[in-house]
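Below: one structure, written as C-alpha cells.
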Amino acid sequence: IQEIDEFEALAADQNAPDDPELLIKRALLTNVPSSDELIFGFWGGSPGAVSDGSAHRELVDRPDPALVGVVESLLPQGGSTNIDTEFGDATVVVKPVQSDIATVVEPAFVLVHFEAQERAELTDLTQTYALVATAALIALTAGAWSLSGRLLRPVRELTTTAREISDTDLTRRIPATGNDDLTDLTLTFNAMLDRLEDAFAGQREFLNAAGHELRTPLTIIRGHLELTDADDPSEVAATR
C-alpha cells in the first residue's frame, strides 16, 4: 500500500523525529488520503491525530470499539485484517512504531481502506462499460446490416434479372459500379447476356432466311400435289 510505503520511507529518513508520535503526526501531514481512506495515528490505547481529508473520521472522533480492538490485536507485530463497520467492509492496516519509551500499547500508523465506495465505483464502471458495449454492439450490428445490404444488392439484382430473362427478351442488364468481385461477377453476367442475345438474334435471322428461301419451292410442290390425279399412276410418277 502506497501510504504504508511512504511512512516506512519517512521513518527510515535520518532526519525523522525520534518521538513516535511526532513521526506519525508528520506522516499524517504529508499523506493525502483518497476518498475511501481513513488515516490516523494510534497511541495510548486509542486513536490520536487524524489525517486531513480522511473518510468517515467519526470512527476516530468517537472511537469505534471494534476498530480499536482490531488495531490492538494487530499490535505489536502489525499487519492487516478485514473489519465490518457501519460504513461497510473495510481493510485495516497497522504499522507499529518501535519506541524506547515503555508503553502499554505501541504507537502505530493506521490506514483504513473502505471497500464499499470502491465496489460502487467498480459497479458504476462495469455498468458504464456494459452500456457502452451494448451501444457499440447495436451500432456495429446496424452497420454490418447496412453494409451487407449494400454488398448483396448486386446479387439480388442478379437473381431478379436472371428470373426475368426469357428467349424473347434478353435486353435486361444489371448496373455495375465499383471495383470488387461482385462488380466483376456483374460484368461477366452482362457479357454472357450479350453473347446470348447475339446468338438468339443470329438464330432468328437464320430461321427467317430459311423460311423465306423454302417458302417458294414449298408453294410449287403444294401446287403440283394439288393438281396431280392420284388415280393416274403415270401422272403421279411424272409429278414425283
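Backbone amide hydrogens, once placed in the peptide plane, bring residue 85 within less than 5 Å of 90, excluding anything fewer than 5 places away on its chain.
Taking square-rooted eigenvalues a ≥ b ≥ c of the alpha carbon gyration tensor, is the range 1-134 rounded, prolate or oblate, where a/c under 1.5 means rounded and, failing that, a/b exceeding b/c means prolate? Here the range 1-134 falls in the prolate category.
What's the extension gain from residue 131 to residue 164 if we count 0.36 nm per residue and subtract their Cα-Cα distance?
Full extension of this stretch gives 7.1 nm more.
For residue 220 and residue 197 in one chain, what is 0.36 nm times their gap in residues minus the Cα-Cα distance, to one decimal in nm? Going from the current span to full extension adds 4.7 nm. Between residue 58 and residue 147, the contour length at 0.36 nm per residue exceeds the alpha carbon distance by 26.0 nm. Where only DSSP H runs of four or more residues are counted, the chain gives -20000 deg cm²/dmol as its mean residue ellipticity at 222 nm, each run worth -39500 (n - 2.57). FRET efficiency for the residue 83 to residue 138 pair, using the beta carbon distance and R₀ = 30 Å, is estimated at 0.10.
Placing +1 on each Lys and Arg Cβ and -1 on each Asp and Glu Cβ, with no other charges, gives the chain a dipole about its Cα centre of roughly 1200 debye. The distance linking the range 177-197 with the range 1-57 is 80 Å (Cα centroid to Cα centroid, whole angstrom). Couplings 3J(HN,Hα) for the range 200-212, derived from phi with the Karplus relation 6.51 cos²θ - 1.76 cosθ + 1.60 (θ = phi - 60°), are 5, 5, x, 5, 5, 4, 5, 5, 5, 5, 5, x, 5 Hz, where x marks Gly and Pro.
Charge tally for residue 151 (other residues, Cβ to Cβ under 11 Å; Lys, Arg +1; Asp, Glu -1): +1.
Relative to the longest principal axis of the Cα atoms of the chain, the long axis of helix 115-164 makes an angle of roughly 10 degrees.
We did not get these values from a lab; they are worked out from the coordinates using the rules stated. Just so we're clear, the structure is a prediction, and the values are computed from it rather than from any experiment. Positions of Cβ are generated from backbone atoms using ideal geometry, with glycine treated the same way; all protein chains shown enter the neighbour counts.
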